[in-house]
């Protein structure tokens, strides 16, 4: 289990009743680890050259934001599945990479967060939640109900990674672009990668592999 104080923090700003949330993702181990420095985390970030031609952006140190209203989830555990890093507390090091292309307006956001304890169970815990959260509903702050479906993607040759394709539908029938998210875990460091339009399963998986390679190089042997 993740420390209970984190569960209360997320529940209090999520709209979800506290006793409905079972925080199971990323239980810190008792094994300490040295967090990445800002310089190492910056080195671990994607380069613009890692993305297709025409992209722009960069990376900078970034404080972990306080989670806002996350919605009401059914099953309730899927709040944790959708926002698993919310339960881990403030990282020692936080870096954000923001990349974009104006046409067709696609974007990629990369968070690199590092804690002083190993997070070995993170991917296994998400994997265990996937059968329950492959389809769930979320009610937003303006009371619109969305149905989300999550499909895990294969990232060949990359250990410690969990990548998903998300599709969503709203009651008004408005089309919602496919979204992608992925986590790569090394020791006490997580790369959280999020992308929207402009990607396919194959191109996003390749981007996750590049992010993992950058992280491996920054973490060292």
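The table that follows gives values for the structure above.
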read-out: Selected residue [surrounded by fewer than 21 Cβ atoms within 10 Å (Cβ to Cβ), assigned to a helix (DSSP H, G or I) and at pLDDT below 95] from 209, 217; value: 217
read-out: Segment 163-188: number of residues that are modelled with pLDDT of 95 or more, more than 30 Å from residue 144 (Cα to Cα) and touching a strand residue (DSSP E or B) at 6+ places or on another chain (Cβ under 6 Å); value: 1
read-out: Pair list, Cβ under 6 Å, 6 or more apart: segment 91-108 residue part of a loop (DSSP other than H, G, I, E, B), other residue surrounded by fewer than 15 Cβ atoms within 10 Å (Cβ to Cβ) and modelled with pLDDT of 90 or more; value: 92/116
read-out: Residue 39 being at pLDDT 90 or above and either outside any strand (DSSP E or B) or surrounded by fewer than 20 Cβ atoms within 10 Å (Cβ to Cβ) (or both); value: yes
read-out: Some residue of segment 45-55 being closer than 28 Å to residue 130 by Cβ, at pLDDT 95 or above and surrounded by 18 or more Cβ atoms within 10 Å (Cβ to Cβ); value: yes
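The values are calculated or read from the model by the stated rules, or taken from the named source; none is laboratory data. Since the structure is predicted, the reported quantities are computational estimates derived from the model, not experimental observations. No Cβ is skipped: glycine too gets one built from the backbone with ideal geometry, and neighbour counts run over all protein chains shown.
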